[in-house]
Amino acid sequence: MVTTRTGGEMSQPPGAQGSTSAPEKWTPRLIFSLASIVLVLEMLAVSYMMISMALPAIAAHYQTTQGAWLLTSFLLLGAVTAPLIGKLADMYGKRKMLLACIVGAALGSFISAIAGSYSVLIAGRALTGLLVPCLFLSYSLIRDVFPAKTIALAVSIATSGMGLIAIPAPFLTGWLIDNHGFRSIFWFFVIGLAVLAVMIFVSTSESQVRLRSRLDFLGAALLGAGIAGILIGISFGPTWGWKSGSTLAYLLGGVALVVAWLVTAGTVKEPLIDLKVLSRRSVAFTATAAGFMYGVSGLYTMLLPMLAMTPAIMGLGYGFGVDAEGFAVFQAPIGALTVIGGLIVGMLVGRNVKPRLLLALGAASAALGCTLTAYSHDTKGLLIVFAGLVGLGMGLGYASIPNLLIEAVPPQLQASTASIVGVFQSVFPAALPVIAFTVMNNSHIAPIPLEMTQGVVFYTDSGFKVAFLIAAAASVACLAAALLLPKRIEQVKVPAAQASGEPAMATAD
């Protein structure tokens, strides 16, 4: 299996990724392992939704108007720590870091569950953000320990299966809050994550792939602080004002720190992220496409419930007046078609269909769904169909992205490179809704007195049209990035001095 090339680089023959000792078929243990990983990612997917539903009760209990921090802190810590966690995973083991993140997230949920003050609750919620790196850690680990013939399907199921939990989540959340209070949400995560940590520990092997490297602490500090500044500025810009000193300080300071990281990464011998890898067309456009795809997902799934839950009696030209449970009829097709899209990718990539083409198809489906929604959202049946097109695009995109990274990056650099893609997947969903709602708030607020709506802001029909067209434009940008990916991807080679365990694969297609 192992060949040595000139220049001291080691490689495997094409198609030799995955565990070389595992049987080339699905086994009960392998299925149990994949189910455990999928459930962890389901916890990540449902976390934001459940906390959003519990936010009114939490804000009332702690008498705070700073509810946004409960949502922002989760995303913030996850994005800030992702590059460091990715590097540690490549150096010391992806399973170790996955388990560490799950245990850390469980501890954060425990802190939130018993919090006596809102600041302690925020600290616990931030620690729960360690669920965010679990996404790239999961498919990086699958790539190393699953049999080669199962990898494409397993990765696709893991990344697109997150859509299923969105269907029962509103019912479960409502039942927990109504019968056991908001703290039951955090206890749900404590118990669930503890069980899942044990399941992964007993079912999933550790990767034998290692990257021999040193930790770039300066790079980690600069990049982490830069990401934090940008995310805080984007998240609170609408509240503080885009021209306020605080917003500009966070945004400009964050950008300056990221630039400083880029400078240091180009000078140190073993940077946190190898810029040569990051600048490769196959990686750079995958990261860009991933950011736009997740941004579209975040914006569309934020706009759709607002539109559907608006009472038709308001006379705004849209709205069906459904409650959280009634919204399930819109959410179910999105979740189901997200999973179907992932399964399509898994099966077709296994038959040598290029993930680049499937990503482009997913972006086109999402663009079509967003555009049709923008121009026609007053008929329930059509809206469900259009939402399904977006869900299908999400599934194709979610599953294609990790398969593209597996194709482009060797095992030794998989987690650290995927962590940067994960940062794009966090920053874009934070930024795109801010852009859309800034436009809507500036010129598309419905002229209805707030005393008649109990302080709730409603938007005009044209406001929603513009917002969905922004989502469509982001889908087109994702499509462009997918088409700009090289048709033949050469995998990065790892110098023998840094490679350990299973060698890197060097393929050209």
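Couple of notes before you dig in:
- Note: segment 159-231, Cα convex hull, 195 Å³ per residue.
- Partners for LYS465 among lysines (Cα-Cα distance below 18 Å; same-chain residues under 8 apart left out): LYS380
- Placing pseudo-labels 7 Å out from each Cα toward the beta carbon at VAL457 and VAL353 gives an inter-label distance of 4.2 nm.
- Three principal axis lengths of segment 306-391 [C-alpha, angstrom, descending]: 52, 25, 16
- Candidate cross-link partners of LYS269 among the lysines, defined by an alpha-carbon separation under 27 Å and a same-chain spacing of 8 or more, comprise LYS87, LYS94, LYS96, LYS493.
- Dimensions in Å of segment 137-199 - Rg and Dmax from alpha carbons: 15.7, 46
- Relative contact order for the chain, counting Cα pairs under 8 Å that sit 6 or more residues apart, in percent: 23
- Rounded to 0.05, the FRET efficiency of the LEU382 and LEU172 pair, given R0 = 22 Å and the Cβ-Cβ distance, is 0.15.
- Separation of the LEU252 and MET309 label points, Cα + 7 Å toward Cβ, nm: 3.8
- Rounded to two decimals, the Cα radius of gyration of segment 207-351 over 2.2 N^0.38 Å is 1.48.
- Over the C-alpha atoms of segment 274-487, the Rg to Rh ratio, Rh being the Kirkwood estimate, stands at 1.03.
- Two-site FRET efficiency, ALA194 against VAL466, from Cβ-Cβ distance with R₀ of 60 Å, rounded to 0.05: 0.85
- Mean accessible surface per residue for segment 315-380, computed with a 1.4 Å probe while every protein chain stays in place, in Å²: 41
- Taking a quarter of the surface of the Cα convex hull of segment 216-271 gives a mean projected area of 3.4 nm².
- Packing rank of 306-313, 233-240, where each peptide gets the mean count of other beta carbons within 10 Å, highest leading: 233-240, 306-313
- For a modelled paramagnetic label at VAL120, 7 Å from Cα along Cα-to-Cβ, no residue of segment 72-95 is in reach, as no backbone nitrogen comes under 14 Å.
- Net charge in the neighbourhood of ILE344 (other residues with Cβ under 14 Å of its Cβ; Lys, Arg +1, Asp, Glu -1) is +2.
- Average accessible area per residue (Å²) across segment 26-213 - probe 1.4 Å, nucleic acids and ligands excluded: 35
- Inverse mean reciprocal Cα-Cα distance (Kirkwood Rh) of segment 268-331, Å: 15.0
- Per residue, the chain reaches -24000 deg cm²/dmol at 222 nm when only DSSP H runs of four or more residues are counted, each adding -39500 (n - 2.57).
- Globularity index of the chain is 0.95 (Cα radius of gyration / 2.2 N^0.38 Å, N = number of residues).
- Label-to-label distance, nm, for residues given as LYS487 and ALA68 (7 Å Cα→Cβ offset): 4.7
- Over all orientations, segment 26-213 has a Cα convex hull whose mean projected area works out to 10.5 square nanometres.
- Neighbourhood charge, 14 Å Cβ-Cβ cut-off, centred on ILE185 and excluding it, Lys, Arg +1 and Asp, Glu -1: +1
- Overall form of segment 111-234 per C-alpha gyration tensor (a/c, 1.5; a/b vs b/c): oblate
The values are calculated or read from the model by the stated rules, or taken from the named source; none is laboratory data. All values reported here derive from a predicted model rather than from experimental measurement. Note: ideal-geometry Cβ built from the backbone for every residue, glycine included; neighbour counts use all protein chains shown. We work out accessible area using only protein heavy atoms, side chains counted, and drop any ligands, DNA or RNA first. Shrake-Rupley method; radii C 1.70, N 1.55, O 1.52, S 1.80 Å.
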